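The values are calculated or read from the model by the stated rules, or taken from the named source; none is laboratory data. Owing to the predicted nature of the structure, the values given are computational and were not obtained by experimental measurement. Methodologically, a virtual Cβ is constructed for each residue, glycine included, from the backbone with ideal geometry; neighbour enumeration extends over all protein chains shown.
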């Protein structure tokens, strides 16, 4: 993956209309629900890593991904700064404890990539520590993808102007004011440093077994659909590569012949 690819992303991509968005959203969510049941039967785990700029829309994307999934089969892990007791261990230890079981989906809202992003930029990790982390992370992810795990990594990219607009909207909305903090404003002042750290992250950790997907996110609707589409493709490609046959009802959903799921039999639940 080339450096400076963030600058090449067209963040202005948009969905033509809300009706088109709603139609595609329903279809993608239905397909993902069906795939979730197949993952359970085949005992394959999925890990989705969500990184990106503050206010880029990660939370909204996560909501649409999980909205119609079986709640027994997924978990969302919001990741903040490590707790004092977690600092006594290797930084990856707290993530090992949150891995999905085989057959389940886990979403990491922020992740181990904090080591090479915020910890690097803010000086919480030494140059030696964050430089070494690239290899440690690659090894960590390879261990998992070699053993029945699918990993999807997403970076939600917005323009600096769009971020400012969203920050101000949050400050002016009493119901969203909790989303904006002094830390968000401080991070914004270091935009260029975060761009450099992000570019290095892509260059060093974009691997065939765990590729980065940069999501143009100035339009939240576009970003949500793109996220779902990529996740579906990741799972379908894994099944194809490992000779896992998809049931006929899945193709009916994909082709639009099955408009709704009326029973558990429709998604292969035993």
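The table that follows gives values for the structure above.
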{"item": "Qualifying residue in region 14-29 (condition: closer than 21 Å to residue 209 by Cα, exposed (fewer than 12 other Cβ atoms within 10 Å of the Cβ) and over 20 Å from the mean Cα position of the chain (by Cα))", "result": "no"}
{"item": "Answer residue from region 183-202, given it is assigned to a helix (DSSP H, G or I) and exposed (fewer than 15 other Cβ atoms within 10 Å of the Cβ) and is modelled with the lowest pLDDT among those", "result": "183"}
{"item": "Residue in region 42-55 that is farther than 20 Å from residue 162 by Cβ, more than 15 Å from the chain's Cα centre (by Cα), buried (at least 19 other Cβ atoms within 10 Å of the Cβ) and in contact (Cβ under 8 Å) with a residue 12 or more places away in the chain present", "result": "yes"}
{"item": "Hits in region 203-219 - residues which are assigned to a helix (DSSP H, G or I) and surrounded by fewer than 19 Cβ atoms within 10 Å (Cβ to Cβ)", "result": "203, 204"}
{"item": "Qualifying positions in region 227-249 - without any contact (Cβ under 8 Å) to a residue 12 or more places away in the chain and not in a loop (DSSP other than H, G, I, E, B)", "result": "233, 237, 240, 241, 248"}
{"item": "Region 60-90, residues that are under 12 Å from residue 110 (Cα atoms) and touching a strand residue (DSSP E or B) at 6+ places or on another chain (Cβ under 7 Å)", "result": "62, 76, 77, 78, 79"}
